Structures are given as C-alpha cells and as structure tokens.
C-alpha cells in the first residue's frame, strides 16, 4: 500500500527550525502574500531558499517581501504576478519564469479561493474550480520541464480535510444546475487531492525525478475565512470556529513545508497535522480519501483538465 494511503508515525514536534538548509534552491509559492503562503515563504527564505512569490496583486507581494526582509535582511525573494483563475495569466507567468530561470526545485500549489457566490472565470469555469484546481494544473504542466531539471524537485499541492466530504460533479462541473459555495469549495479541494495523486502516478510510471506530494493545513486561521462573503460560513468559520479550534498560519504551513523540504518524503504521500481529526498538530503522513486515489476518477479529472486548460504534460519518454 502506498505511503499516501496509510497513516504512519509522526515526526516528533517537527517545526520550521528543522527545515534543512535550502541555499541554492528555487521555489515558487502561489498565494505567497498572506496566510499559509506568506508563512511558507518566510520559513523557506529563512533557510536560504530563493522564493518567487506568485501573487495576484504585486503590490501586496511587495509588502510581503518588505515584511519578510525587515526581519531577514538578504532574503532572496522576488514578486511575480499570477492570477490562477485566468489561464492566460498562468501562461504568461510560466513563460516569463522560463525566460529567467533554467530550473525550478519546488512548486508549492498553495493559493485558494473559498466559498464565494457562484461566478465564472474569464475562460468560463466555476471560479473555485478555476483558481484552486485548473490554474494549478496548468501551472504545473507548463513548468514540469523546469522542475525535472531541479534539485530534489517536488510539486506540493495543498488540499484540505474537506476533500473527504466531496465528490466531483462531472455532470455539472460549473454548478450551473446546482451550486453550493462550500460544496464547490470542497469539490475543488478534492480535485487538488485527485490531481496530486494522479500526478504522482504518472510521474512514477514515466520515471520522472519529480515527486508529487500532497499536504493539508488542518484548521488554520487564514484570510480565506475572514474575507469570505458575509454569511453563515464566515460566521461559523471566522468568528466562532477560529478562536476555539484554529491554529496559526505558521503552524498550519508546517505540513506543506515538511512536504517541500523533508528528505524522507516520498512521492504520493499526504502530509497533514497529527492531532485529533487532523485539525492541528505536528506534520505526519495521513490518509487520502479512497475516492481521491481512484484510478478512473483520476483519469476523468485529468482529461477534463487537459481540455479545459489546453495544457498537456511533457512526461519523460519510456526508455
């Protein structure tokens, strides 16, 4: 049974202080100006990593760089605009990155949109599915050859415990017939999990050096809850749940930092908090929902994503 499907012992009290030296490694972190992305960027930069902040609003990215640099003079950071909900922006970001870098060591697919009213992206996709899944699918495919040239290369895709509550509505993927803000958020997080596992399967089958690792932050205080539209979910998550159960963004970022940097992590593994219900705690290997590892679901989502993004992954040829 693969590591992503079985719970294993946790790394005792693993913290960001235990991140190995990352000097010389190049990272892209999506949604890097706030929340989990900012905490991830700060920790990687502190250990010597060169971090590219992929953000929708460059002004906010610049403020994040100033904040990190104030405490870490000499941090290697750069800001680049990326709107994951716009596939043209994804292509532009990838093209510019390729012009300036000949390799990428780690891509952290972190950015997310949570529970907005139904809307469509510029290319006509439901906004949460577009931002949380399709944009990251396209970005990964467009950067895969740079990753293959990297040092201990990894794709870390951030899902959620909520992926276990969802199924992918292949017959109504845009929510035209029936839309629920949280239901479609959960669907997008399941899509992240399915994508990460299917990517692992395809990378392994072709002998690629790139590892695909999944992570989730548990229940973490981020601007996803507090900036969501006014309504029941903002009240429940932001005003009631956060003070009682949530951990800080720094703690919530530990699973994705572990997935991105810990030497013993294997492709296909899923890293989350070790505490009760995986809401908080030190990083450990956790179970992926059985539906997320289903071969047929992986194939269907992959083919749907290729059609929607017009991106084909250039996997190594079989020898």
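The values are calculated or read from the model by the stated rules, or taken from the named source; none is laboratory data. Remember, it's a predicted structure, so these values are computed and weren't measured experimentally. Counting neighbours? That spans all protein chains shown, and the Cβs are built from the backbone with ideal geometry, glycine included.
The set of residues in segment 173-214 that are in contact with a helix residue (DSSP H, G or I) (Cβ under 9 Å, 6 or more places away or on another chain) and assigned to a loop (DSSP other than H, G, I, E, B) comprises 173, 174, 175, 177, 178, 179, 180, 208, 209, 210.
If you check residue 145 against the conditions, is it out of contact with any strand residue (DSSP E or B) (no Cβ under 8 Å at 6 or more places or on another chain), surrounded by fewer than 21 Cβ atoms within 10 Å (Cβ to Cβ), over 20 Å from residue 187 (Cα atoms) and modelled with pLDDT of 95 or more? Spelling it out, residue 145 is indeed out of contact with any strand residue (DSSP E or B) (no Cβ under 8 Å at 6 or more places or on another chain), surrounded by fewer than 21 Cβ atoms within 10 Å (Cβ to Cβ), over 20 Å from residue 187 (Cα atoms) and modelled with pLDDT of 95 or more. Looking at segment 53-75 only, could you name the residues that are closer than 21 Å to residue 139 by Cβ and in contact with a helix residue (DSSP H, G or I) (Cβ under 7 Å, 6 or more places away or on another chain)? Across segment 53-75, the qualifying residues are 53, 54, 55, 64.
Total residues in segment 281-305 satisfying the condition of being surrounded by 21 or more Cβ atoms within 10 Å (Cβ to Cβ) and either in contact with a strand residue (DSSP E or B) (Cβ under 7 Å, 6 or more places away or on another chain) or not in a helix (DSSP H, G or I) (or both): the figure is 5.
Residues of segment 63-75 include none that is part of a loop (DSSP other than H, G, I, E, B) and farther than 28 Å from residue 102 by Cβ.
How many residues, within segment 264-280, are crowded, with 19+ Cβ neighbours inside 10 Å, touching a helix residue (DSSP H, G or I) at 6+ places or on another chain (Cβ under 8 Å) and over 18 Å from residue 136 (Cα atoms)? Of the residues in that region, 7 qualify.
All conditions in (1) closer than 16 Å to residue 288 by Cβ; (2) touching a residue at least 60 places away in the same chain (Cβ under 8 Å) hold for residue 162, with the sole exception of (2).
The residue that is surrounded by the most Cβ atoms within 10 Å (Cβ to Cβ), counting only those in segment 1-46 that are at pLDDT below 95 and part of a helix (DSSP H, G or I), is 4.
Filtered by the rule that a residue be part of a loop (DSSP other than H, G, I, E, B) and crowded, with 18+ Cβ neighbours inside 10 Å, segment 149-172 gives 150, 153, 159, 160, 166, 168.
Would you check if residue 261 is surrounded by 22 or more Cβ atoms within 10 Å (Cβ to Cβ), at pLDDT 95 or above and within 20 Å of residue 106 (Cβ to Cβ)?
Numbers: surrounded by 22 or more Cβ atoms within 10 Å (Cβ to Cβ): yes; at pLDDT 95 or above: yes; within 20 Å of residue 106 (Cβ to Cβ): yes.
Yes.
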